[in-house]
Each structure stands twice: as C-alpha cells, then as structure tokens.
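What follows is one structure encoded as structure tokens, with my remarks underneath.
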Amino acid sequence: MLPEEALSRAKYLDDYFNEHKRPVGPFHGLPISVKEHIGMEGKGLNAGFVSWWNRKGADDANVLKILWRAGCVFYARTTEPQTLMHIETSNNLYGVTVNPCNRDLTSGGSSGGEGALLGLRGSCLGVGSDIGGSIRSPSANCGLYGLRPSSYRVPTNGSSGTMLPEEHIVGVIGPLSTSLEGIKLFMKTVLSAKPWLIEPSCVTIPWRDQDSQLPIAHGQKLRIAVLWSDEIVKPHPPIIRALNEVVAKLQNIPDVEILTWEPYKHDEAWEIIATIYFADGAKEEIDAIEASGEPWLPLSKFIIQENPHVKRLSIEEVWYWTSRREQYRRAYAKVWNDTATGTGLNGEPEGMVDVILAPVGPGAAPPLDQSKYWGYTSQWNLLDYPALVFPVSKVDPAIDKTEVGYAPMNEQDAFNHQLCE
Amino acid sequence: MAKRNWREVAKAAQDFRDDSIKGVEPPVPEISLYLPRNLTSIPRELLAQDEVLITETSPEELVKSLASGKLNSTTVVNAFLRRAGLAQKLVLTLKRPTIIGTSLTFYF
C-alpha cells in the first residue's frame, strides 16, 4: 500500500483541476492497482522471491509511465506467487492469497493479488501480467473482467522476473477490471500513447473502434464457436452450465451464429509451451529460490521439479521448439481458416468463425495448491491469441452436481474430476 | 544472504506490508478472528457508506465524475485506500493448507 504517495498525488491532481478546470488526462484521479513485479522507481521488486527482497526498480515500467501521464494514482501493489509461474498466489514473503468468495479456495494467479483486491472492490482497475493464464485465472476465479492482449501491444519493459530476454514464449501485461469498459479504457489509453515510440517491439496499431471490426457492420453474422472441452480435461458441471447459459442468451440474438469448436491437439500445445517455459532448465528460478533457502512451495515443485518437459535446451533445441511452435500456430490457423464460407478477392479465406467461446479453467476456483491444469489458458498464450475473460455465474451446489460414473480420459482429467468434490 | 535468514526476510516483508497501511486515515478497520468463508460482504459492514459507494462504482463512471469535478481525487483515492487496506487484511493469510502437512504459522 502506498497511502502517503497516493494522497500526495491525489492532492496534486485536485489542485491541478481547480486551477486549470480540466483533467490531466483520461485517467485523472483514478486509483489503479499494480502487480508488484511491474516496476516502480525506487520501490521493491521481488517478483515473489525471498532472495530478491532487496531489489528495487530502477525506473517506472513503461506501461506505468503511460498510465501516470494519463493522470492516474498508484496506491496499491499486489502480490504474486513464488516463481510467478503458478495459477495461484502463494509466496514465502507474504503467505497465501485466498479467494474473497471462499477463503478455502485460491484467488487464482499469478496476478492473484490483483484478483483478490478487485474481487473485494479494493480496486476497480488493475494491471497484471500473463504468460500462461496469470491475468485470466484470477479474473475468472474472482468474478472479474480480464484481458490477455496479443503480445507486443502493451509495453512490458520495466517488469521483473526470471528469463526476461527470452522470446520463444512471451509474457504480456494487461488489465483486470470490475467492468468491461474498464478493460477498453485501459487498452485505449495505453495505445493512444503510442507505446511503440518508446518500445519499438510494440506494433504500430492503435486501439481499433470495435464496431467497424464486427462482421455485422458488413452485413454478416457474428460466428461464435464454443469449446465445450479441450478433450484432455473435461470442465466441471458449473463451467458447462455457464457455457450453456451464455449460449442460450446468444442464440436469442438474430445476427449471431453458434457452432462447436473442435479442439486441435491441445495436448501438443501444452507439450510445446511446457518445454519452452524454462529453456534454461529452470536454472534462474531454482537459483532464485535456493539463494535464500526458502522452501519450495507445492506449485513451484509441480511446474518445475515435477514437470517432465523441463530440461535445459541447447541453442538448436530452442530453434527446434520455436519452429514447432510456429508449425502448431499454422496448423491451428488452418483449422480456423477451414471454417471459411467463401473466398476474398485475393484468394484469402473469408467468413471464418469470429471468436471462440471457451472455459477459462477446468473448474471454478480450486482449493489451495490444487491448480495444476493450465491448458484452458496457456493454450491461447502459445497461439498468441487475445483472450478476454468475463464473469457469468457462481457455483451453486444445488444445481452443479458432480457427474457420477464419469470415466476420466487420462491422469490429468482424473485429478481434475476428483477435485469437483 | 545466508540460508538461515529466509524467515527473517519474510518477517521484514510482513512488517513492511502491515506498516504500509498505517498511513490510511481513518485507520483500516480491525477484522474479527472468526471470518466467514465468503468475505465479500465484510467491506460493506465495516466501511462508511460513501466509501462503499465510491469503491463499488465502475472505473468508467469514476473517471467521468473525476473529469467533471463531481468527485475529487482525494476522496476517491482515500476510499480505495481504506477498502484496499481492509482487503489486504482479509485475503492475505500466512496459513499454509494442511493437505501438504507443513507447519502452520498464524500472524493476525
């Protein structure tokens, strides 16, 4: 928490408004919460590691500079898990972050501090990061909106973590909010500042007015394909119910067509991403944990020590897995293009499915230390698709009954099924 | 840093975190040791009505009110500081789940 600085900033903004009779920018006076590893000058930057406790940010992260110039107030920094690579939020510095709706369950992660804070309305707009589900998992677990933007849109310089310069799987920064408009406001404000000027890797595409992008604007239906299951881990009943509720509402809208999305080798996607997450064999992560002697938390053990895909890669292996990633992206694009209804002037496919409607996780918020299936979020990181999470419903034990006599498809599915109890 | 010291660093981190809410006025309310499973109704019980109203307003409505001068930033920021301080007390626990059998340490 940053009360003195926040109030001092608020006073400056109030004085400015009183003098100039206008706001500083689109976020004038608005408190925005920030995940701790997104750096602030002179402030701690531990990314969930005890051994990094004394590290400090050299400068404000680029995204925060943009939000600041838009007039916001930074007042709270939120916690992350050890390694940043959990879809929960526990570390040895601050302990466990629980779900505000049920404190026996996780708030999700790795932006779980944001999730819990927003879930309790201690914030209305926050900044998180995502390389495997870290914005979307807490958003879903805590009933919020969250966006994993495509890579190279929101500037990421100034964040801390391990393996920062690697490019074979790129983490992104994005918003969590209590409203959809909050998400749009964040993206519009950040992109209006032309971040590509200070971070040349960011693409020079402004935030596009969505109405002109919709097929309805061109006299066509909006085609929504539903992913009911990724065929590896079947979602729990409340998730299926939520999907059914959304589909039922969408079916009442005249210009919308609903289809089913057939998952294409989502297990291969996990194999690829799990291999490239820790190309150094997780050496930086291991060193950061062991430097202080802090205990390994269960989900750190899960994603690193118990992860069969983690091994140090040679340069040739990095190239190999990068090309596997690209092959997979092309194959998935083909699946998408095969839904085309026609051909454009230059022979390009037209009329494809516009959006996939999918679960964010294989169940509602899991009990602490049980979040072991990343596939419903990491899938879209590997493909680098933008993914927006929105709240639909809450679990109701009276309606959401465990499926009796279910035969699990594999070990991961069996684990997830028994969690349903 | 010596391997023995991780608990000392953790304690320093928790003290830092707890000290950081001392600058909030009025002070962040105390919470009961006996918390319900669902924490979401507690802020409404412990905060002032105007603080509840502000913190439950959407960001787009807040920026409009701030831009027009209907609300000033100090009021809005203070409301969120109070609710965030309370949230910090409610959702951050040092309790480790018993399923993995590690020792429990309570700091309340």
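The values are calculated or read from the model by the stated rules, or taken from the named source; none is laboratory data. This is a predicted model, so every value here is computed, not measured. In this analysis, Cβ positions are derived from the backbone assuming ideal geometry, glycine residues included, and neighbour counts consider all displayed protein chains. Heavy atoms of the whole protein, side chains included, go into the accessibility calculation; ligands, DNA and RNA do not. Shrake-Rupley method; radii C 1.70, N 1.55, O 1.52, S 1.80 Å.
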Query raised in the report: Is it the case that some residue within segment B:87-103 is modelled with pLDDT under 90, among the small types (G, A, S) and more than 30 Å from A:P26 (Cβ to Cβ)?
Result: yes
Query raised in the report: Among (1) modelled with pLDDT under 95; (2) surrounded by 24 or more Cβ atoms within 10 Å (Cβ to Cβ); (3) part of a loop (DSSP other than H, G, I, E, B), which single condition is A:N54 missing?
Result: (2)
Requested in this report: Please work out which one of (1) within 11 Å of chain B (Cβ to nearest Cβ); (2) closer than 25 Å to B:L86 by Cβ is the condition A:A70 fails and give its number.
Outcome: (2)
Report summary line: Within segment A:96-119, residues in a strand (DSSP E or B), open to solvent by less than 10 Å² (accessible area, probe 1.4 Å) and either within 7 Å of chain B (Cβ to nearest Cβ) or hydroxyl-bearing (S, T, Y) (or both) come out as A:V96, A:T97, A:V98, A:T106
Query raised in the report: Tell me, which residue of segment B:29-44 that is facing another protein chain (nearest Cβ under 9 Å) and closer than 15 Å to B:K89 by Cβ is farthest from the chain's Cα centre (by Cα)?
Result: B:P36
Query raised in the report: So how many residues does segment A:289-316 have that are farther than 17 Å from A:M163 by Cβ, more than 14 Å from chain B (Cβ to nearest Cβ) and in a loop (DSSP other than H, G, I, E, B)?
Result: 1
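I need the full set of residues from segment A:271-317 which are polar (S, T, N, Q), over 23 Å from the mean Cα position of the chain (by Cα) and closer than 20 Å to A:Y373 by Cα, in order please.
Within segment A:271-317, the subset polar (S, T, N, Q) is A:275, A:292, A:300, A:305, A:307, A:314.
Now restrict to residues that are over 23 Å from the mean Cα position of the chain (by Cα): A:292, A:305, A:314.
A:Q305, the sole residue that qualifies.
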Query raised in the report: Which residue, of B:L81, B:L47, B:L71, B:L53, is open to solvent by less than 30 Å² (accessible area, probe 1.4 Å), more than 7 Å from every other protein chain (Cβ to nearest Cβ) and not charged (D, E, K, R)?
Result: B:L47
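Matching residues to (1) under 28 Å from A:T275 (Cα atoms); (2) in contact with a helix residue (DSSP H, G or I) (Cβ under 9 Å, 6 or more places away or on another chain); (3) more than 14 Å from chain B (Cβ to nearest Cβ):
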site: A:R153; (1), (2), (3): yes, yes, yes
site: A:N157; (1), (2), (3): yes, yes, yes
site: A:P165; (1), (2), (3): yes, no, yes
site: A:I169; (1), (2), (3): yes, yes, yes
site: A:L185; (1), (2), (3): no, yes, no
site: A:P206; (1), (2), (3): no, yes, yes
site: A:D209; (1), (2), (3): no, no, yes
site: A:I232; (1), (2), (3): yes, yes, yes
site: A:P235; (1), (2), (3): yes, yes, yes
Query raised in the report: Within segment A:278-286, can one find any residue that is in contact with a Cys (Cβ under 8 Å, 6 or more places away or on another chain) and part of a helix (DSSP H, G or I)?
Result: no
Query raised in the report: Can you spot a residue in segment A:355-370 that is open to solvent by 40 Å² or more (accessible area, probe 1.4 Å) and more than 27 Å from A:T178 (Cβ to Cβ)?
Result: no
Report summary line: By residue number, the members of segment A:128-163 that are open to solvent by less than 10 Å² (accessible area, probe 1.4 Å), touching a Lys or Arg at 6+ places or on another chain (Cβ under 7 Å) and not basic (K, R) are A:G128, A:D130, A:I135, A:G146
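One line per residue, one yes/no per condition, for (1) modelled with pLDDT of 95 or more; (2) surrounded by 19 or more Cβ atoms within 10 Å (Cβ to Cβ):
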| site | (1), (2) |
| --- | --- |
| B:K3 | no, no |
| B:A12 | no, no |
| B:R17 | no, no |
| B:G23 | no, no |
| B:S32 | no, no |
| B:L35 | no, no |
| B:S58 | yes, no |
| B:L62 | yes, yes |
| B:L66 | yes, yes |
Report task. Determine whether segment A:21-39 contains at least one residue that is more than 8 Å from every other protein chain (Cβ to nearest Cβ), of a type in the set (D, E, K, R), open to solvent by less than 40 Å² (accessible area, probe 1.4 Å) and assigned to a strand (DSSP E or B). Result -> yes
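Which one of these is more than 14 Å from chain B (Cβ to nearest Cβ), under 14 Å from A:L383 (Cα atoms) and of a type in the set (K, R): A:K265, A:K283? Full working, then the answer.
On the way: A:K283 fails: under 14 Å from A:L383 (Cα atoms).
Answer to the check: A:K265.
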Report summary line: Considering only helices (runs of 4 or more DSSP H) wholly within segment A:171-261, the ones with at least 1 residues that are farther than 30 Å from A:P155 by Cα and open to solvent by less than 40 Å² (accessible area, probe 1.4 Å) are A:237-251
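Tell me whether segment B:69-80 contains one or more residues that are at pLDDT 95 or above, in contact with a strand residue (DSSP E or B) (Cβ under 8 Å, 6 or more places away or on another chain) and more than 26 Å from A:G143 (Cβ to Cβ). Walk me through how you get there before you give the answer.
Step one: list which residues in segment B:69-80 are at pLDDT 95 or above, which gives B:69-80.
With in contact with a strand residue (DSSP E or B) (Cβ under 8 Å, 6 or more places away or on another chain) added as a condition, the list becomes B:73, B:76-77, B:80.
Of the ones still in play, those that are also more than 26 Å from A:G143 (Cβ to Cβ) are B:73.
Yes, the conditions are met somewhere in segment B:69-80.
Taking A:V63 as the residue in question, decide whether it is open to solvent by less than 10 Å² (accessible area, probe 1.4 Å) and part of a helix (DSSP H, G or I).
Numbers: open to solvent by less than 10 Å² (accessible area, probe 1.4 Å): yes; part of a helix (DSSP H, G or I): yes.
Answer is yes for this residue.
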Report task. Only residues that are at pLDDT below 95 and small (G, A, S): list them for segment A:160-192, please. Result -> A:S160, A:G161
Requested in this report: For segment A:57-72, state whether one or more residues are within 27 Å of A:L368 (Cα to Cα) and modelled with pLDDT of 95 or more.
Outcome: no
